[in-house]
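**Student:** Dropping a structure here in C-alpha cells format, bear with me for questions.
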Amino acid sequence: MHISLKKEIKQSQSGKAGIIILLVMIAAAVFAPLLSRYDPMQQSTAPLLAPSFTHWLGTNQVGQDIWSQLLYGARTSLMVGFGVGVLSLIPSILFGVSSALIGGIYDKIVMRIADAFIVIPMIMVAILVAAYIRPDLFVLVLLLAALSWQGGARMIRAQALSLKEMGHISAARTFGAGLFYIARKHIVPDLGPILLVEFIYGVKRAVFIEAGLAFLGIGDPMLVSWGTMMRDAMKFSYLNVWVWWLVPAGVALSTTIIGLTFISHAAESVLDPRLRGEVVA
Amino acid sequence: MLEIRGLRVSYGNDTVLNGLDLDLADGEALAIIGESGAGKTTLGMSIMRLADAGIQGSIRFNGEDIFTLSDEQMREIRWNRISMLFQNVNNVLNPVHRVLDQVAEPIVEHKLRSKGGALDRAGELLTRFGLPTERFSAYPHQLSGGEQQRVLLAMALANDPDLLIMDEPLSSLDVTTRQELGELLRNIDGHRAKLVITHDLDTASRLSEKLAVLYGGRIVETGSTREVLINPRHPYTRALIRAYPNMTTVKDMQGIKGRMTRPVSGCPFHPRCTQAMEKCSSEVPRLNQNHGRWVACHRGGIVTLLSVVNLSKQFNLLKAVDSVSLHIEAGETLALVGQSGSGKTTLAKILMGLYTPSKGGIYLEGKKVEKREKDFYRRVQMIFQNPGESLSHRLSILELVMEPLEVQGIGTKEERREKAIQTIGEVELPQTKTFLNTYPHHLSGGELQRVAIARALVLDPDLLIADEPTAFLDAGIGAKILKLMLNLQECRGLSMLYITHDVAAARKMSDRIAVMLDGLIIEEGPSSEIVASPRQSYTKRLLASASSLHYLDKTSVK
C-alpha cells in the first residue's frame, strides 16, 4: 500500500478548508504588527469605544484596541498550540516506539506510567499548577506538553507494535539491523500519518486549554489571549459590547479549532480507509 | 594385485596424471570416474604401458614394477595377464579381417593354442557374449555398435587375463544393448580384477563395487560405489552426480561451475569449488579417511554449514516446533515440506533470530550461535513468503537492495551502489536507471520476488532460507524463480533451506527432503528416497495429494 499523505489531504475538501483556515490564522499571527496600528497592551484612547475607522473593533475597558488584541491573541494561541504539539510529540515517539521495540519489563513500566498520566485530569492539574506558579508562555507550553504525551505514546506504541511484525521490518532485522536503526529508518517514517494526526490533536487541545485557562483568569495576565478577551467581555455583557468584543474572540478560537479538526480528519482518512469517501485508484 | 604409487604422466608440459595412488585387489571391480580430460584413458594406457608420455612413479602388477620390465616381458603380460576393452570408436577393429579371426588373433599371437583351438575358443567367447554364429565371419563394418562391442569384449578376454581394463565399455551403446551387455560384463568370472574407466555414472554403478573419482589427475574421493553415489562427500563428486541425468535423483540437473583447467596449484578442483579456502589454492590435499570414506579435501569433504539440535519453540500451549534436529550441508538444498501450521515458518524465523527458541541450539559450521551478531546475517539470509510485504514501499529498488549493505556498514556509498546494481543484474532484472529508481508497488510479483532475492544475496550469504518463495506467483513466473535459485546455487555454491508445502516443487529443488508435521520432523532423507519410498503414512498422503496432471487416472486406479 502506497499512499501519499500530502495527496490525501489535498484531495479532501474539508482538508483543504482546514489548511486555508490555519494559513489565515498563521498569517494573522505573523503579520499582526502590519495589520494593526496599535500595540495591544497600549491603553490608547477612551475605553469601551464602539467600532470605528480608527478602532475597527472598538476598545476594551482599559482602552486597548480589540482588533489588535485579536491578532496578537492568534500569536499566543498558535505558539502555545504548536509548541505543545511538538514538545508532546517528542516524548510520545520516544516512549511509544521504544516501548514497542524493546518490550518486556521496559514496556510495562513505560505503559503503566502513561496510564497513570491518563488518569490524571489534565485540566484540573493545569489549573492547579497554573494558579500557583502563574506560568509565562514558555512554562505553560512545558506544563501542557508534560501532561499530554501519554495518549500519543500509547497510540504510537500500538501502531509500532503492528509495524514491527511487518515483513519489511522482519527483513531489516535479518540484515542484522539494530533497534535504533529500525526505529529511525523504518518505524518512524512508517508512522507518518499517525504522527500528523497526533500532532494536530496536541495543537488543538493546547489551543483550547490555553484559552480555557486564560478565561478562568489563571494565565499570565500580561499575555494577550482570546480567553482573556472573552473573560473581560463577559464582565461588560450589559453594555452590548459582546458584538464586537466577545464574538470576534469566540469566533477566532472556534475557527482555529475547526480548521485543525478538518486537517486531522483528512489525515485520519489515510489511516482508516473506511473514512475515505471514494476509492482513488 | 595392482598397486599404483605416485603416478605422474605428462605429455610435454601438460601433466595429465599428477601423483595418483591406487590399489586393486584380486576379484575387485573398481570404477574410475571423471569428466573427459580428467586423465582416465591415460591411466588405462599407462597400466598397459601403451601411453606415449613422460611417466614417473610406479605401477606394480603382482609385485612387479611394469616400468622395469623389458619390452619382451611386457608383451607377455599385455593381453595375457592384463587386457583392455577399448573404447569403441570405429577404428579399433581391423576392417579387413573377419571378426572371428580378430578374436583368435591374440591367442595365436601368444601361442597359447593351435590355430584351430584358438578359433574354437574365439567362437565360444563370441557365443557367450551373444554374437550369433552366422555373424562370426562378418567384417567389422557389417556389425552394429553393440555387436562390435561384443567382439571387442571377446578379444579382451581371449587370453583369460587377471586384470581387465574397460575404457567406456557401455558409453556408445543404446540403452537396451547397454542393459544386456552390462549384465554380461558384470557376470564375467569372479576372480578377475576389473578396472572400469568411464565418465558415465550408470556404467560405474553397474560394473563396480568400488569407485574412485578422478579430477585433474588426482583421486579426490574413493569408497564403495553405492555409498559414494548416494552420499558423495567431495564437492566434485556431488557436482558430477547433479549434472548426470538419471532415474534415481529427482532434483533438476545442475552443471558444474567453471571448467577444468590445467595446471592448477593446490587442490585441482579449487577454482570450481564453492567451499574453497585460501589453503586450497596453495596446498594439495591428501586423500584422508573421514567417516569411512577417503576424500582428498582440506575441509574434510562437503562441510555441514548449519545444524539444528533439538530445537523447540513453545507458544503458550502450542508446541510450534518440537525437538527438531536438522543439518544443511554447504551447497545443498534441504526442502522442509509440510502443511500450513506445521511449524515450518516458525523454524525459519527461529533460525533467523526473529523468534527465540524455548530449547535447543543452532550451530553454524559447528559453532553454537548464541547472540546473533551482524556476522551471522552476513552468512545466513532469508527471503520471505510475501515479497510485497517484505519490501518497504517507501524505498526505491536500488535503496532496497542497498539496505543490507548499509546495515552491515560494508563499503563506501559508491561501492554499495555498484554491488547492489551487480546483484540486481544477477537475478536477471534490468539495471536501468528508471528501474533502479522505481518503487516496489510498480512491480509485478515475480519482479518483487527477484528484488527480494537480490536483497538477500547482496551480502553474499552461504545459506539462503526461502520461505515459500513462489507462494504468491503463478506457475510460469514461479518456475523462473526456482530456476534462478538453482542457477545461483550452481554458481555460488549457495546452501538453501527451501520451505514449501509443495512436494512436487521440493523434489525438483532439493537434495534432501525433511517432512514436518505438527512441529516434528517425521521423516528425512535424500529427495529421491522420500519421493520413491516414503515410510510415513503422512508422507504418502502428501505425495498422493501433490500436483499431478493425471488426477483422474490416479483415483481410478485405486
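**Student:** Report the local net charge at A:Thr261: Lys and Arg +1, Asp and Glu -1, summed over other residues whose C-beta lies under 11 Å from its C-beta.
**Tutor:** Cβ neighbours under 11 Å give a net charge of 0.
**Student:** Give, to the nearest whole percent, the P(r) tail of chain B beyond 43 angstrom, counting all Cα pairs.
**Tutor:** Above the 43 Å cut-off, chain B has 33 percent of its Cα pairs.
**Student:** Still on this structure, I have one more. Please state, as a whole number in µm²/s, the translational diffusion coefficient that the Stokes-Einstein equation yields for region B:472-558 at 20 °C and 1.002 mPa s, with Rh defined as the Kirkwood radius across alpha carbon pairs.
**Tutor:** 149 µm²/s
**Student:** Count the net charge of all other residues whose Cβ sits under 10 Å from the Cβ of B:Tyr215, scoring Lys and Arg as +1 and Asp and Glu as -1.
**Tutor:** Surrounding charge for B:Tyr215 is 0.
**Student:** Which residue, A:Ala214, A:Ala171, A:Ala146, has the most motion in a Gaussian network model of chain A that connects Cα atoms within less than 10 Å?
**Tutor:** Fluctuation is largest for A:Ala171.
**Student:** If one computes the Cα centroid of region B:465-513 and of region B:131-176, what distance in Å separates the two points?
**Tutor:** What the calculation gives is 45 Å, centre to centre.
**Student:** How long are the semi-axes of the ellipsoid equivalent to region B:154-310, from square roots of 5 times the Cα gyration tensor eigenvalues, in whole Å, largest first?
**Tutor:** 31, 18, 16
**Student:** Given a 1.4 angstrom probe, what's the average accessible area per residue across the protein assembly as shown, in square angstrom?
**Tutor:** 46 Å²
**Student:** If you don't mind, another one. Read phi for every residue in region A:237-253 and hand back ³J(HN,Hα) as whole Hz from Karplus 6.51 cos²θ - 1.76 cosθ + 1.60, θ = phi - 60°, with x for Gly and Pro.
**Tutor:** Couplings: 5, 6, 9, 6, 6, 4, 4, 9, 10, 6, 4, x, 5, x, 5, 4, 5 Hz.
**Student:** At B:Leu69 and B:Asp518, where each label point lies 7 Å from the Cα along Cα→Cβ, what is the point-to-point distance in nanometres?
**Tutor:** Reported label-point gap for B:Leu69 and B:Asp518 is 6.9 nm.
**Student:** Let me ask something additional. Normalized C-alpha radius of gyration of region A:1-128, against 2.2 N^0.38 Å?
**Tutor:** Cα Rg divided by the expected 2.2 N^0.38 Å: 1.59.
**Student:** Mind checking which lysines have their C-alpha under 23 Å from B:Lys313, skipping anything on the same chain fewer than 8 residues away?
**Tutor:** The reachable lysines, counting only those whose Cα sits under 23 Å from B:Lys313, are A:Lys164, B:Lys344, B:Lys349, B:Lys359, B:Lys367, B:Lys368, B:Lys371.
**Student:** Same structure again: Evaluated at 25 °C with a viscosity of 0.890 mPa s, what Stokes-Einstein diffusion coefficient in µm²/s does region B:61-158 have when Rh comes from the Kirkwood expression over alpha-carbon pairs?
**Tutor:** In µm²/s, the coefficient rounds to 174.
**Student:** Next question. Nearest-5 percent of antiparallel DSSP beta bridges in the protein assembly as shown?
**Tutor:** About 60 percent, rounded to the nearest 5.
**Student:** Check B:Met166: other-chain or 5+ apart residues with amide H under 5 Å from its amide H, H built from backbone geometry?
**Tutor:** For B:Met166, the qualifying residues are B:Leu85, B:Leu195, B:Val196, B:Ile197.
**Student:** For B:His191 and B:Asn231, calculate 0.36 nm times their separation in residues minus their Cα-Cα distance, and state this gained length in nm to one decimal.
**Tutor:** 11.5 nm
**Student:** Take B:Ala532 and A:Val119, extend 7 Å from each Cα along the Cα→Cβ direction, and tell me the distance between the two endpoints in nm.
**Tutor:** Once both label points are built, they end up 7.2 nm from each other.
**Student:** Now, a different point. Place a point 7 Å from the Cα of B:Ser36 along the Cα-to-Cβ direction; which residues of region B:141-166 have their backbone N under 12 Å from it?
**Tutor:** Taking a point 7 Å out along Cα→Cβ of B:Ser36, no residue of region B:141-166 has its backbone N under 12 Å.
**Student:** OK, next. Please report the relative contact order for region A:101-183, taking Cα pairs under 8 Å with a sequence separation of at least 6, and give it as a percent rounded to a whole number.
**Tutor:** In percent, rounded to a whole number, it is 42.
**Student:** If you plug each phi of region B:510-523 into the Karplus form 6.51 cos²θ - 1.76 cosθ + 1.60 with θ = phi - 60°, what whole-Hz ³J(HN,Hα) values come out, in order, with x for Gly and Pro?
**Tutor:** 10, 8, 10, 10, 10, 9, 10, 9, 6, x, 10, 8, 8, 7
**Student:** If you don't mind, there's one more thing I want to ask. Using a 10 angstrom cutoff on alpha carbons, build the Gaussian network for chain A and name the most mobile of A:Leu34, A:Leu89, A:Leu191.
**Tutor:** A:Leu34
**Student:** Report B:His501's accessible area, 1.4 Å probe, all protein chains in place, as a number in Å² to the nearest 10.
**Tutor:** Accessible area, nearest 10 Å²: 100 Å².
**Student:** I've got another one for you. Cα extents of region A:102-145 along the three principal axes, largest first, in whole Å?
**Tutor:** 40, 19, 11
**Student:** Please give the average number of partner chain Cβ atoms lying within 10 Å of the Cβ of each residue in A:163-171, rounded to a whole number.
**Tutor:** Counting other chains' Cβ atoms within 10 Å and averaging over A:163-171 gives 6.
**Student:** Right, another one. With a cut-off of at most 12 other beta carbons within 10 Å, and DSSP calling the residue loop, which chymotrypsin sites (Phe, Trp or Tyr not before Pro) in region A:35-129 qualify? Please list them.
**Tutor:** A:Phe53
**Student:** What area, in nm² and to one decimal, does the C-alpha convex hull of region B:402-539 cast on average over all directions?
**Tutor:** 9.8 nm²
**Student:** Now a separate question. Please give, to one decimal in nm, the separation of the simple spin-label points placed at B:Glu209 and B:Lys319, each 7 Å out from Cα toward the Cβ.
**Tutor:** In this crude spin-label approximation the distance works out to 4.5 nm.
**Student:** Highest GNM mean-square fluctuation, chain A, Cα pairs closer than 10 Å: which of A:Gln43, A:Gln150, A:Gln64?
**Tutor:** A:Gln43
**Student:** Determine the percent antiparallel among the DSSP beta bridges restricted to chain B, to the nearest 5.
**Tutor:** Bridges in chain B are about 55 percent antiparallel.
**Student:** Can you check what the net charge comes to around B:Glu428, using other residues whose Cβ is under 13 Å from the Cβ of B:Glu428 (Lys, Arg +1; Asp, Glu -1)?
**Tutor:** +1
**Student:** Here's another thing I want to ask about it. Given a 1.4 Å probe and every protein chain left where it sits, what share in percent of the accessible area of chain B is carbon and sulfur?
**Tutor:** Using a 1.4 Å probe with all protein chains present, chain B comes out at 49 percent carbon and sulfur.
**Student:** Related question: Quick check on chain B: helices-only [θ] at 222 nm, where DSSP H runs of length 4 and up contribute -39,500 (n - 2.57) each and the sum goes over total residues. Nearest 500, please.
**Tutor:** -10000 deg cm²/dmol
**Student:** Which value results when the Cα radius of gyration for the protein assembly as shown is divided by 2.2 N^0.38 Å?
**Tutor:** The reported ratio for this selection is 1.49.
**Student:** Once phi is turned into ³J(HN,Hα) by the Karplus curve 6.51 cos²θ - 1.76 cosθ + 1.60 with θ = phi - 60°, what whole-Hz value does each residue of region A:88-104 show in order, with x for glycine and proline?
**Tutor:** Taking θ as phi minus 60°, the curve returns 7, 6, 4, x, 4, 5, 4, 6, x, 5, 5, 4, 5, 7, 7, x, x Hz for region A:88-104.
**Student:** On to the next question. Treating only the Cα positions of region B:1-102 as identical point scatterers, give the base-10 log of I(q)/I(0) from the Debye formula at each q in 0.18 Å⁻¹.
**Tutor:** -0.98
The values are calculated or read from the model by the stated rules, or taken from the named source; none is laboratory data. None of the values given here were measured: they were computed from a predicted structure. Heads up, the Cβs are rebuilt from the backbone with ideal geometry, glycines too, and the neighbour counts pull from every protein chain shown. Note: accessible area is taken over every heavy atom of the protein model, side chains too, but ligands, DNA and RNA are not part of it. Shrake-Rupley method; radii C 1.70, N 1.55, O 1.52, S 1.80 Å.
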